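Working notes for the structure below.
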Ligand SMILES: [Zn+2]
């Protein structure tokens with residue numbers, strides 16, 4: 001979904017509406033890494049461990065696009081576009097200096113803490129729908145978290161640099177470790193590299209874990225603000241709930257997939273130590 005970020009954005013400094021695949025740390029940054037990992041399946045008896053995570057992530061993406069699509073066609077009662085709703089909630093919270101910009105891409109909506117600005121995808125920026133208003137309010141929720149120094153957002157932001165480094169180096173250490181181990185099983189260097197890779201990968205999983213409360217809290221704030229300010233009626237609330245829950249589910253699915261990937265790596269590591277004993 002949307003553009004690939006550079007620098008800090010690669011490690012997910014942006015707070016996007018759905019767990020956009022290329023935004024999550026720990027995922028492949030390019031096709032070469034992906035090919036290398038596919039090659040690993042040939043020598044990895046534990047790849048099946050990751051299958052439920054992949055299926056769950058696919059299902060969550062499907063559910064987000066279907067819920068988002070459904071409520072994109074339902075007009076919000078007040079007739080506000082995503083941009084107008086975002087502006088209104090920001091102003092009512094005293095955040096008149098936080099700007100709202102349009103950004104290209106499908107569901108590329110995010111809040112950028114470094115710019116203190118809300119970015120809405122063209123669809124959400126211009127259209128008056130329950131999906132647009134819900135997503136806009138969610139991104140404003142992040143702006144409110146930032147302004148009120150919400151602790152989990154602060155923790156997440158402080159870990160962006162480390163996570164960025166870890167997500168760039170983890171797979172190289174893992175791959176290097178596995179190749180070295182298979183070439184000379186008695187050498188400790190391969191095992192050490194593999195363990196280092198697993199620890200680096202764990203850092204990216206931890207980042208995904210602390211992203212979850214940040215996302216749920218932003219949606220909670222979004223729904224409360226929309227109702228409090230009368231931007232959606234109690235009747236319309238269900239639609240906004242469904243879109244935001246589907247978006248949150250993509251983060252849960254991404255986290256579960258990353259945890260299973262971690263489990264697989266640990267099984268590979270343990271498998272290696274068992275064959276050493278024999
Ligand atoms: Zn978010």
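Read the figures in this text as sums done on the coordinates, not as results from a lab. All values reported here derive from a predicted model rather than from experimental measurement. For neighbour counting, all protein chains shown are included, and Cβ atoms are generated from backbone atoms with ideal geometry for every residue, glycine included.
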| Burial ordering of 183, 58, 259, fewest other beta-carbon atoms within 10 Å first | 183, 58, 259
| note | Computed from the beta carbon distance with a Förster radius of 35 Å, FRET efficiency for residue 237 and residue 102 to the nearest 0.05 stands at 0.85
| message | Students often check this: by mean Cβ neighbours within 10 Å, which of 161-170, 119-128, 229-238 ranks highest, and how do the rest follow? | response | 119-128, 161-170, 229-238
| region 72-187, relative contact order in percent, only Cα pairs under 8 angstrom and at least six apart counted | 26
| query | How do 72, 151, 245 rank when sorted from fewest to most other Cβ atoms within 10 Å of their own Cβ? | reply | 151, 245, 72
| request: Estimate the FRET efficiency between residue 263 and residue 162 by the formula 1/(1 + (r/R0)^6), using the beta-carbon distance for r and 25 Å for R0, to the nearest 0.05. | output: 0.70
| query | From the Cα gyration tensor of region 179-278, with a ≥ b ≥ c the square roots of its eigenvalues, which class applies: rounded if a/c is under 1.5, or else prolate if a/b is larger than b/c, or else oblate? | reply | prolate
| request: Compute the distribution of all C-alpha to C-alpha distances in region 40-168, in bins of 10 Å from 0, and list the percent of pairs in each, rounded to whole numbers. | output: 12, 31, 31, 18, 7, 2
| message | Working only with C-alpha atoms, what are the Rg and Dmax values of region 104-194, expressed in angstrom? | response | 20.9, 64
| Simple spin-label estimate for residue 59 and residue 227 in nanometres, 7 Å along Cα-Cβ | 2.8
| task | With r as the distance between the Cβ atoms of residue 256 and residue 148 and R0 = 22 Å, compute the FRET efficiency 1/(1 + (r/R0)^6) and round to 0.05. | result | 0.15
